[in-house]
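Have a look at the structure below before the remarks.
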Amino acid sequence: MHLIDLSHTIAPGMPVFSASAPQPSIGPWMSHAQAATSGRYQGCTCEITEVHFITSLGTYLDSPFHFDPGGRSIEQLPLEDLVLPGVVIDCTHLRPRRPIEPDVLRGVDLAGKAVLLHTGWSRFWGEPTYADYPFPTGETAAALREGGARLVGIDTLVIDDMRNPHRPVHVTLLRGGILIVENLTNLEALPPAGFTFNAVPAKVSGAAAFPVRAYATITD
């Protein structure tokens, strides 16, 4: 079995979906040095890390609750929705801020799949160009829903055009019970099909979204 990591690292200074969104902070709640002088450890030390971040950060999964007040939140998602057969849709021909139209899905079996839209935009991670990504349209989202997709992932900052306040892709997919994973990377390492996509978040009560260590498994 071959494993392919599809996730970005969470770190201070990373790209976030809005200039108003806070950066993550990561540091010791108790350091090795503090443990050594605490009197609670003999012949060893330990470090306990404290992390603060918004949950829509890095490579993360949106639950239906993110755009549907009556939808399932992160802890309500069964593992069967988070580990799925995957297909990759090649969208690398698109230029900045161009729409991903439904024709890219023609002839692809979407039913029951994690459908990963490969734009190649993760190569701009950390650069201003990363915010100028291509994006699926509301019509493409409807085609994904009608085709039976169970999860849609993309290697861009957000799956919607952020200039459109109606957020048609989030609304169409999440209100249809279809999960979303944003900020994927390394999709070029995947075959068009024949792999399993894994995107399991921590089981956090009431969370609308949460980071995942997304990866693919390919059986040799």
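Taken together, the values in this text are just the output of simple stated rules run on the coordinates, not laboratory data. The shown structure was predicted, so the numbers you read here are calculated from the model rather than taken from an experiment. Cβ: placed from backbone, ideal geometry, glycine included. Neighbour counts: every protein chain shown.
Extension gain, Asp68 to Ala11, is 17.6 nm, computed as 0.36 nm per intervening residue step minus the present C-alpha separation. Using Cβ point charges alone (K and R +1, D and E -1), the dipole size of the stretch 66-122 about the Cα centre works out to roughly 340 debye. The stretch between Thr196 and Ser38, if pulled fully straight at 0.36 nm per residue, gains 52.3 nm over its current Cα-Cα span.
Any idea what the relative contact order of the stretch 87-220 is, in percent, if you count C-alpha pairs under 8 Å spaced at least 6 apart? So the answer I get is 24 percent. The stretch 133-211 and the stretch 36-103 have Cα centres lying 11 Å from one another. Considering only alpha-carbon pairs that sit under 8 angstrom and 6 or more positions apart, the relative contact order computed for the stretch 1-117 is 19 percent. Inter-label distance, Thr219 to Tyr130: 3.6 nm, where each label sits 7 Å from its Cα along the C-beta direction.
Each listed q (0.09, 0.17, 0.19 Å⁻¹) maps to a log10 I(q)/I(0) for the chain, found by the Debye formula over equal Cα scatterers with no solvent: -0.38, -1.18, -1.46. Fewest neighbouring Cβ atoms within 10 Å first, the residues Asp132, Asp103, Asp155 line up as Asp103, Asp132, Asp155. A helix-only calculation puts the chain at -2500 deg cm²/dmol for mean residue ellipticity at 222 nm, using -39500 (n - 2.57) for each DSSP H run of at least four residues, averaged over all residues. Residues whose amide H comes within less than 5 Å of that of Tyr60, counting only those at least five positions distant or on another chain, are Glu182, Val212 (H built at 1.01 Å from N in the peptide plane). Normalised by the number of residues in the stretch 151-220, the mean separation of alpha-carbon contacts (under 8 Å, six or more apart) gives a relative contact order of 28 percent. Of the beta bridges in the chain, as assigned by DSSP with both residues counted there, near 65 percent are antiparallel.
Ranked by how many other Cβ atoms sit within 10 Å of their own Cβ, fewest first, the residues Thr140, Thr45 fall in the order Thr45, Thr140.
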